[in-house]
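For reference, the structure discussed in these notes is given below.
The values are calculated or read from the model by the stated rules, or taken from the named source; none is laboratory data. Model, not experiment: these values are computed from the prediction. A quick note on method: Cβ atoms are made from the backbone with ideal geometry, for glycine too, and the neighbour counts reach across all protein chains shown. These accessible areas exclude ligands, DNA and RNA; they are computed on the full protein's heavy atoms, side chains included. Shrake-Rupley method; radii C 1.70, N 1.55, O 1.52, S 1.80 Å.
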Amino acid sequence: MHTAAYRALGLDYVYVAFGTEDTAGAMAAMRALGIRGLGVTMPHKLRIAAFLDALTDEARAIGAVNTVVNDDGRLTGHNVDWIGALRAFREVFEPAGRTAAVVGAGGGARAIAWGLKHAGCTVSVFNRNEAAGRALALQMGGEFAGAPAALATMPETTQPFDLIAHATPVGFHDPTSSLIPPTALRPQTIVFDAVPMPIRTKLLCDAEAAGCRTIPGLRMQLHQAACQFELYTGRTPDLAILERALCTAMAETT
């Protein structure tokens, strides 16, 4: 995505992937090599803050970083996952005044929950690890509602959620796995899966079969990448170019 947009604007940038478990070493390398920006993914989103010079207010509030920008050796941590998620949601509905179930308590779930709260949506957290789920719910001013399976036990007449947003790794590269029981999926509910690959996860397939409107993780990935691009370059990318490159890469990987 990034490299395709750089080429379209004639920018002398390139975007490449680095695999490492050494968060501190990666930040030292960023300073030493003069790398302008980094996208941050698991397992670094929650632990990288300790190795940065500054955090944006959003990254600090969320407690997770997905983007680092290098300004002459000063490293600032950003979180644009929440912007990517909100833009993806708003392609389908307006979250203000709605209710949402966020499934998960990691960096992605934190960003999504914070973004929804920021947009005026009431958030409930579902998570397999109760302590982590309760901590996130407390931080976001919502309630902890139990494990994901609890979504299926709510009476149909009282199911309160306009949106179910899944934000755990379950289903990543595994089209047979889903944390959300099919019986939890009601036709009036919008279902989002942050898992980007496969594009049609088992959760999204189950949701479509239940008559739900769905939002694939690809949309969040696309919009957050556009935000990153602006931070790195100061330029606004052509979203259509990003989308074509992303879809091509997804098809090739699949």
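What number of residues within the range 186-196 satisfy the criterion of being within 17 Å of residue 98 (Cβ to Cβ), assigned to a loop (DSSP other than H, G, I, E, B) and open to solvent by less than 30 Å² (accessible area, probe 1.4 Å)? Matching residues across the range 186-196 total 2. Of the residues making up the range 76-102, those that are among the charged types (D, E, K, R) and either at positive phi or surrounded by fewer than 24 Cβ atoms within 10 Å (Cβ to Cβ) (or both) are 87, 90, 91, 94, 98. Candidates are the residues of the range 126-182 that are open to solvent by 20 Å² or more (accessible area, probe 1.4 Å) and of a type in the set (Phe, Trp, Tyr); the one that is nearest to the chain's Cα centre (by Cα) is 172.
Consider the range 8-66. How many of its residues are hydrophobic (A, V, I, L, M, F, W, C) and assigned to a helix (DSSP H, G or I)?
Result for the range 8-66: 17.
Taking the conditions (1) within 26 Å of residue 46 (Cβ to Cβ); (2) outside any helix (DSSP H, G or I) in turn, residue 160 satisfies each one other than (1).
Looking only at the range 148-178, residues that are in contact (Cβ under 8 Å) with a residue 12 or more places away in the chain and within 23 Å of residue 95 (Cα to Cα) come to 16 in all.
Of all residues in the range 90-118, those satisfying the criterion of being charged (D, E, K, R) and under 15 Å from the mean Cα position of the chain (by Cα) are 90, 110, 117.
Residues that are over 21 Å from residue 178 (Cβ atoms) and touching a Lys or Arg at 6+ places or on another chain (Cβ under 6 Å) do occur in the range 70-91.
Being at negative phi and in contact with a Cys (Cβ under 9 Å, 6 or more places away or on another chain) holds for only one residue in 228, 188, and it is 188.
Of all residues in the range 36-73, which are within 18 Å of the chain's Cα centre (by Cα), open to solvent by less than 20 Å² (accessible area, probe 1.4 Å) and of a type in the set (Val, Ile, Thr)? Passing the criteria: 40, 48, 62, 65, 67, 68.
Count of the range 197-237 residues, restricted to those that are out of contact with any strand residue (DSSP E or B) (no Cβ under 8 Å at 6 or more places or on another chain), closer than 18 Å to residue 168 by Cβ and in a loop (DSSP other than H, G, I, E, B), is 2. Sub-7 Å Cβ pairs linking a first residue in the range 38-65 that is farther than 24 Å from residue 138 by Cβ and at pLDDT below 95 to a second residue that is aliphatic (A, V, I, L, M) and crowded, with 17+ Cβ neighbours inside 10 Å, at least 6 apart or interchain, are 40/48; 40/65; 40/68, ordered by first then second residue.
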